[in-house]
Amino acid sequence: MLAPSTQIVSDREAYLGQGRHDVGRRISKDQVELFITADVAGSLQQEFVRHQPEFIAVHDIGTSASLRLLASLAGASGAPVQRLSIRRQGHGVALAVLQFVEVPLAGGTAVRVYSTDLNADAATRTQVARVLLAHSLLGVLMVGELPPHALTGQLMPLHESLLRGPWPNRDLLMVPLGSGTALAGQAAGLAGQSAVRVHVTPHAAKPRQAWNFIGGSWNRLHGGASGERTLRADLSQAVPPPAVPANEAPTEPMGLQPLTPGVIAGRSAAAAPLLAPTPMPVPGASGWPDYAARCAAIKGALSCCVFDTQNQQVMAHAGGAPAAERLALQGAALLEGMHAAARALGLGHARAEAAITVAGHHLLLRPVPGHPGIAVHLVLSSSTGNLTLARMQLERLEAPA
């Protein structure tokens with residue numbers, strides 16, 4: 001970093017990382033950045049029209065399965081879930097963060113799989129989700145356990161968008177996740193008088209089954225006669241493992257000579273302390289503690305807990321009181337309450353986050369991007385911490401890979 005090497009590039013497109021006609025400029029192996037001057041949805045639509053990228057959009061209806069599918073795709077090979085950060089020109093705070101996985105095709109190119117469960121305000125999430133579905137080559141609707149009237153209400157805005165246009169995409173795939181969910185009639189109503197074909201798959205109980213249906217549909221619709229645009233429908237083989245740089249390649253273990261029984265480093269065995277083998281560090285074991293420590297370093301922070309929202313298991317804790325177990329328990333209860341309120345108000349199963357002010361304290365609660373089912377609960381002092389600034393700083397912290 002202190003002495004970067006100079007590289008000569010052929011043109012502006014190569015310099016900006018747009019040679020592949022993908023959206024955004026790559027700044028690291030799992031980070032892509034896009035600077036805009038207008039609103040998020042409109043700017044993203046302009047990028048799609050300009051570059052014509054090939055991608056799959058996965059949208060949740062009454063569930064939160066799209067991010068779990070991305071995590072399963074990437075986790076099967078140890079690859080990271082990548083992020084597209086959309087920022088205002090001249091400002092550092094991201095207006096929206098989209099998560100995606102790049103799946104290679106047989107011909108050597110790659111297709112991105114985006115989740116519409118993005119980190120942004122509610123209005124932006126809705127608009128960007130429709131832009132992603134409209135400009136994808138295959139739009140996937142992950143349908144949870146919903147009563148028929150609730151499902152009809154969720155699909156009505158999407159049906160209106162199909163009719164209103166523009167909607168270049170011609171194929172939608174409905175994947176039922178709930179048991180006994182009958183979608184044939186809903187699919188026919190969704191397509192309506194539009195030119196979009198809506199296909200319904202059998203019930204998918206696990207991510208590997210959902211990806212098998214998605215990959216099979218992509219290959220039938222876009223695989224082509226030569227097969228160069230086909231992808232692997234087996235989830236465990238869909239994404240290859242990331243290449244290991246030469247400077248990070250594993251080294252051969254060095255042979256150790258046995259110690260002389262009577263002498264250890266110039267001291268007698270009787271005087272030497274007992275030597276025990278040093279345990280090897282587990283890769284990634286310090287990721288969550290380090291993340292929690294960086295969260296707790298935000299000005300005014302008193303306590304921070306990273307926890308599993310399903311079983312309230314504490315992943316890491318930093319700071320003082322409140323205790324980690326209490327933060328995990330109350331954080332999970334708050335999230336469940338927000339999800340229940342959203343469902344009761346007919347807002348669907350959107351990802352919930354909260355900024356709460358109580359007597360003398362602020363509570364920040366949000367899911368950790370790229371890690372479905374993991375959330376962070378941060379307690380700040382209202383006298384020394386700024387809620388808005390702390391929230392922006394928390395959004396910019398990178399979670400462990």
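The values are calculated or read from the model by the stated rules, or taken from the named source; none is laboratory data. This one's a predicted model, so the numbers in the text were calculated from it and none came from an experiment. All Cβ positions, glycine included, derive from the backbone under ideal geometry; neighbour counts span all protein chains shown.
Observations
- Extreme residue, surrounded by the fewest Cβ atoms within 10 Å (Cβ to Cβ), among residues of region 111-135 that are more than 18 Å from the chain's Cα centre (by Cα) and of a type in the set (Gly, Ala, Ser): Ala123
- Matching option when the condition is under 24 Å from Gln31 (Cα atoms), more than 18 Å from the chain's Cα centre (by Cα) and part of a loop (DSSP other than H, G, I, E, B), among Gly178, Gly108: Gly108
- Residues in region 357-381 that are in contact (Cβ under 8 Å) with a residue 60 or more places away in the chain and exposed (fewer than 15 other Cβ atoms within 10 Å of the Cβ): Ser381 alone.
- Residue match in region 327-334 (condition: without any contact (Cβ under 8 Å) to a residue 24 or more places away in the chain, in the same structural domain as Val306 (by TED's automatic domain parsing), more than 22 Å from the chain's Cα centre (by Cα) and part of a helix (DSSP H, G or I)): yes
- Count of residues meeting criterion [out of contact with any strand residue (DSSP E or B) (no Cβ under 6 Å at 6 or more places or on another chain) and modelled with pLDDT under 90] in region 50-67: 2
- Flag if Ser226 is surrounded by fewer than 14 Cβ atoms within 10 Å (Cβ to Cβ), polar (S, T, N, Q) and either in a helix (DSSP H, G or I) or at pLDDT 85 or above (or both): no
- Region 177-192 residues that are assigned by TED's automatic domain parsing to the domain that holds Gln154 and surrounded by 11 or more Cβ atoms within 10 Å (Cβ to Cβ), paired with ones that are modelled with pLDDT of 80 or more and of a type in the set (Asp, Glu) (beta carbon under 8 Å, 6 or more apart): Leu177/Glu145; Gly178/Glu145; Thr181/Glu145
- Some residue of region 319-338 being loosely packed, with under 15 Cβ neighbours inside 10 Å and modelled with pLDDT under 80: yes
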